[in-house]
1. Sort 883-892, 1525-1534, 1143-1152 by the packing proxy (mean of other Cβ within 10 Å over each peptide's residues), most packed first.
2. Counting only protein heavy atoms and a 1.4 Å probe, tell me what percentage of segment 1390-1473's accessible area is made up of carbon and sulfur.
3. At q = 0.29 Å⁻¹, work out log10 I(q)/I(0) for segment 1173-1215 with the Debye formula, treating every Cα as an identical point scatterer and leaving solvent out; two decimals please.
4. Sort out for me the Cα centre separation of segment 1248-1309 from segment 109-178, rounded to whole Å.
5. Percent of accessible area on segment 1172-1299 owned by carbon and sulfur, 1.4 Å probe?
6. Going down the table (LYS1085/LYS1129; LYS683/LYS1028; LYS703/LYS729), which pairs top 31 Å between alpha carbons?
7. Whenever you get a sec, line up PHE478, PHE70 from highest to lowest accessible area (probe 1.4 Å, protein heavy atoms).
8. Mind ordering 800-812, 1361-1373, 1244-1256, 867-879 by average Cβ neighbours within 10 Å, highest first?
Amino acid sequence: MKVYLGANNVSSNAHDFPMASPGHWGRCIGDCGSGGLRSRAVWCTHAEGWTTFHANCDQQDKPESQRRCFKVCDWHLELFEWEVSGWDRCGLALATGAEAGAELCVTAQHGLQRRSVRCLQKLNRTAVSSEICEHFSPQPPAEQACLVPCPRDCVVSQFSSWSPCGTGCARSLQHRTRAVIAPPLYGGAPCPSLTESRACAAPACPLGEEEHTYSLRLGPWGECQLPHPKDAELAGRTMLDLGSDSGEQSTSGFAGSRPQHRAGEVEIGYQTRQVRCVRSNGKHAELSLCLQDPVPVTSRSCVIPKDCSMSEWSPWSLCRRSCGWGSLAPGLRTRHRGVLSVALGAGRPCPELEEREACSGGGKAPLQFAWRTSEWKACQVSVLLDQQDPHQQKQAGLCGGGIQTRVVYCAQIVVELGTHQPKEVARPVDGKLCQGPAPATSQVCHLPCPAECAVSSWSPWGPCLPESCQHPLLFPGFRMRQRQVVVDPVGTLAGCPHLVESIPCEDARCHEWLVAEGPCVTDRGKCGPGCASLHVCLVSFAPGEEVPHHLCSELPHPEVVACEVPCARDCVVSEWSPWSPCSHSCSSKNAEGTQSRSRSILALPAEGGKACPPERALQEQRACNEHPCVHFFWETSPWSSCSQDVLGTALNTTWSGDSACGVGIQTRKVSCRKSSSGQVTPKRCPESLRPEAVRPCLLPCRKDCVVTLFSEWTPCPTACQPGNATAVKQSRYRIILQDSANGGQACPDTLYEERECEDVPICPVYRWKSHGWSPCVLVPESVRQGPGEDCGHGLQSRAVTCLSEQGVSAAIGDCVRWAGAMPALVQECLVPCKDDCTFTPWSKFTACSSDCGTTRSRRRSLTGRSRKRDKCQNTEVYPQVETEPCPCEVFTSQPHGNWSDCIIRGGPPQLQLGMPSQGVARECGQGVRLRAIACYDRTGRLVDPSRCSSSGYIEEPCTVPCPFDCKLSDWSSWSPCSSSCGPGVRVRSKWLKEKPYNGGRPCPKLDLRNQVHEAVPCYSECNQYSWKVGQWSPCEINSEQNSLHCGEGIQTRKVRCVSTAEDHGVETVPNTLCNEAEVPETVQKCSLYCPSECAVSDWGQWSPCPQVCDPNIMQTRTRQVLRYPVSSKPCPEVSQMKPCILNQNCFQYQYNLTGWSGCQLGANATCGHGERRRLLSCRRSDGATVSMQLCQQLHLEKPVPTSSRCVVGCAVDCQLSPWSAWSQCSHTCGAGGQMVRGRSVVLQAAGEGRPCPEQLTQHRSCPVKPCYSWLLGPWSPCTIQGGQCGDGLQVRNLTCVVHDASISAASKPVENALCGELPSKESVLQLPCSVPCPGDCHLTEWSEWSSCELTCISGRSFETSGRQSRSRAFLVPSAENRESCSGQDVETRPCSGGKCYEYLWQTSPWRDNVRTVWCQRSDGVNVTGGCPLRTKPAEVQHCSPACRKPFSYCTQRGVCGCERGYTEVMRSNGFLDYCVKVPGLEDKKADVKTIAGKNKPVNSKMHDIFKGWSIQPFNPDGKLKIWVYGVSAGGFFIIVFLIFTSYLMCKKTKQHQSPPPQQKPLTLAYDGDIDM
């Protein structure tokens, strides 16, 4: 904008003045918020455009070069946002050629819709500059194109009937009106006139004798004015000093004193109105023609209006956060103003006394909030177990699935300005400030199950070894046995038992000489004595000690032993058998271990040969396992807890782990124990195997307690409190995030603090003081009409002052603010005239008795001269006694509303997850349901329900069915393993005891016998049971058949099944436990070689087959010749061979895995983490399961893994919070109020747990409290006091009523005190109105609202809300005023639940080529407008030339046709020639086509049929030819002849046959021809 400035030193030419030209405003720079600045350049320019010095321009007019602005920063994004309203209704876009386009509209036309777009501050929703929001995102569009339906004209109803005419001879008009049904839309035609009038046909009045009526017209009251000074001296004016304590009135001279305490001057003036006499034709007449008794009042007293006077605004308060901590807005500031004087009369009332506006926080960082959680509490298994069985005994060692909880809270995050790095302040705030769903407060957890240490069985005792082979003589010897850890211990203090046991022994050796005897070399010949050399080798006992090979050959002294080879006649004895197993594993006083071996006689001696040894020489026995049955082992106590290393860091050097919390030590006691008698000296145990007593450990880290900061103090009230109010307290709290552990700092005791609010403002106490009323002020005598007596109605005023609590005078504004409504300053008064009746005041009402139905009364009496006047004695007009019924304290109650839900009583404790639930709130069982009551007094008025019932309810017992879970029995014991060799299964089961109902936990899947099974894999060692064979008996020869007692015989042995389990020793068990297919032979053939025969030994073992069976590879076995024969008879074979055939004598082995077992849990667990296993077995190639040792010897690769982790889902019942307290009633009074309480889901159901109930809220009706409200009565008709027309008043009553707020509530009046203060908006109890005088134009009453109509396109709604309209029309009572009257009112309002209507043209039948056409709505209502004019049917039809032929008429197509029963004969040019009557229509109703709409005859179809015939049956004019009639007649005679001939033939046959059988065919034949 350019500002032209004048200069003193420039010429007077206006074009030469320099002017100041500002540039564009720059960007806002400076601090964030309202402290920014923007600047622009300002220069001084000449009118011709060149710049000059600033001094040439007027400095006073210099535009500002800097302006304060709001600097937008990135963090303001959280404070401001675009507010976009919904789109307005689509309006017609006014464009060029819109009118022409409207005619072409088919369904829709272009429109425009708008919406408001503002940049708002989020907190207080105040609008700010759009530039702030545009800093973050572009401004959303405020307009968009849309489609609107085609223009629709205004739709009006049909006219009403004509109004009646007057009876006199004066000319008058009669009217008829119509109403608006739908307003014009989208550019449609406006509404037509709603009124029609016409002159009545009245007889002419004789000259000068027109009949006229006269009416008294009362004009409106004029302005209130003060009386003339001359009158004021007489009447005076009342000026009230509201600051004085006395009721004295001050004169005008005191008007200016103490203005700060004066509420205002009440000035009483007067107002007048005009009264005229009006003739029926609207012209004025003499007043005497209208005057009546009583004469209308033309003047009255009034209060001079004065507006409310306000003080100036106070300065703005400091900017402060009104919402305390967590506020998203910078803050608010306020300012106040006071009332100096109140409004008087019709003056303008006082506006608002306080203003608020948002203010900047001065660049402080915005607050951000996020959900935060404490650490998870310890896992509690008992919570889940309590869900399954609340009455179970608490047991130790619970493990498996459980529930753990944590605290979830909303925390504040502060972003420091400039860094934009979030710095968290762990200060809890209100959860409503955090966005999004809160994290879970509980979860399913897993407590590892303790596992006891499991060990294998003991190995056999080893040889006697010294502790050190380097110095074997210095250390004692021990025999030892070991066992291994199979399952490591988990979660138990007790570790594994000892794994090594030892027995002291003597003659401890690290190596042993193994002696093998070579072949016997005879001294001479093939038999006889000889010698055999000994092969000796050193074998190591100690594990891991290798023996050099050269020690086997380099013997110090090779030894030779004597031997003998049996000669042909000698006795032959077998080799010694191996030593049998030792009978005892150790030796004691009562039992010693022994073992034996034997040999047998293989061949008998011949005469002269060496004899066989005696029987006793065939057996040998020796002692074994001579060590005592006492063994020793090292025993350890559990490790101590990890403690600080007092000795220094010697142990730390050996620890490879890295821990910030340091390394400590653990200790334990180590002692040597004897198996039977307890602790012994450590020398009895091998020192080399002594366990360590000290080991390093990681010191557990100290965990200090972590708590949040205290929350902000809850805000103290900013509004003032009454002086007698109880002290208001504020509180704050903090949350434990982490509990202390391992000696860390303990948590504080105080988590909640409370204190009294300080500096709470106390509301000041002010009160109004009313002074005495002034004398009644009447209208001045110069204005007053009638007799000169000073009496009648007037006004009187009084002073009202404001006093403080101490009784000191105070400002009027303080009382307006703190003391409530101001007492009335003015009231009506009456100065009785000498003819008026005067009374004493009413007495008090008489006392009531206790009985209902009695009455009470009060009295008054006449005073002064009134006692002598007869009219005052009329008690009907002037009653002197008033009677009213006494209040009756009898009440009746009625149930109201529905029964509530069944409420289980008993206050629930605060349930905390993870804590032992003591006395959890009952969820089912016996309860009560409530039904609200309404209480009525004897007159049927609603009263407080406590009058009928203390609780306001009636109760009845009810039951909430308790859910019962599926109950199963305990597990049965495990069955034995299903397999005696290799993998099998063990099974246990439980069976159904009770089915679930009422929403209890469902059962697991049951079998047909209502059982559920659990199977676990098991493994039976294949050599657990084995066949034990005894020694073969001597070969028995059948002596009866063989006198030599030699040759073939039989020998036997005993076979038994024994258990080889470690804990049973060798114990005989039933044979069924061993493999029956592999039972050894108990009988075999044998040979006792006769004397001089060749004797051979028993067969040796077959040589092994290769690992891969090959039939080309043979296995062999051999035997030796022990005695050569005397004769040349050859010896039997000494070797045998057979091929290695798969699954016959050659087998292959491989590991085999079973399938995975089910998930196995710990002993005390019901769910959670478990383990599933699969078993390994050794399978032979023929499918048999064999001992694992066979696979182990082949060093096959074992499949892995054989176990894996798994999870059994926990069945978690839905867990709910306790019921909240009942809410406040939704209605403060009346019926239909509801109280609600709710609960929330703390833990969702999982697995087969009880699901959450659907009902999370409960409702109950509130007791019906009475509603007291002011009821405005209907407006009375317009009353003209003392006149017939003109300006009057409409009044209505304001009554205090009681009701129950329902739609059909019956309201009953009660005392006004129950309704409190008068409503401000509804207090208008009288309104000015007017009654038209004769000849005046006036509007009719409003029509009824039309039905709700939607705007639709093709039958579908275009808008969500519809419209309905009403209207009123102008009526013109006389023809003279017809031109001066015009106008009509239409109102339209939105409505819901509208319908789509169609408007269609309707037509009546044609009569004389004329018909009626009208528009009808689809619901049958006839209307004007709404139907498109371009589709309107014709009302008159014309044929050219006119249809003058007989029986012809003009059709709708505009051509002449024939009436029904006649056919057209057309000319060649297509016009009708004449109409011909269709033959045969007298008796039959033939369907004769009269006209086809084409220029050819009516029989055109028949013409088409016969078109190809050579004989044409029709004439060109459409009539049948004569020969057609002849052919038809001939055919008819032939048919009659045939019928007659058939009848005669049948009659002849009838004479020769019996009549009955022939009746039927004749009848049938006749029936068949009956139609002919």
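The values are calculated or read from the model by the stated rules, or taken from the named source; none is laboratory data. These figures come from a predicted structure and were not determined experimentally. Neighbour counts run over all protein chains shown; Cβ positions are idealised from the backbone, glycine included. In case anyone asks, the SASA skips ligands and DNA or RNA and just uses the protein heavy atoms, side chains included. Shrake-Rupley method; radii C 1.70, N 1.55, O 1.52, S 1.80 Å.
1. Details: 883-892: 12.8, 1525-1534: 9.3, 1143-1152: 15.6.
Final packing ranking: 1143-1152, 883-892, 1525-1534.
2. After summing per-atom areas, the C and S share lands at 50 percent.
3. At q = 0.29 Å⁻¹ the computed log10 ratios are -1.10.
4. Centre-to-centre distance over Cα atoms comes out at 32 Å.
5. 51
6. Beyond 31 Å between Cα atoms: LYS683/LYS1028; LYS703/LYS729.
7. Values: PHE478 5, PHE70 65 Å².
The ordering from most to least exposed comes out as PHE70, PHE478.
8. The peptides rank, most packed first, as 1361-1373, 800-812, 1244-1256, 867-879.
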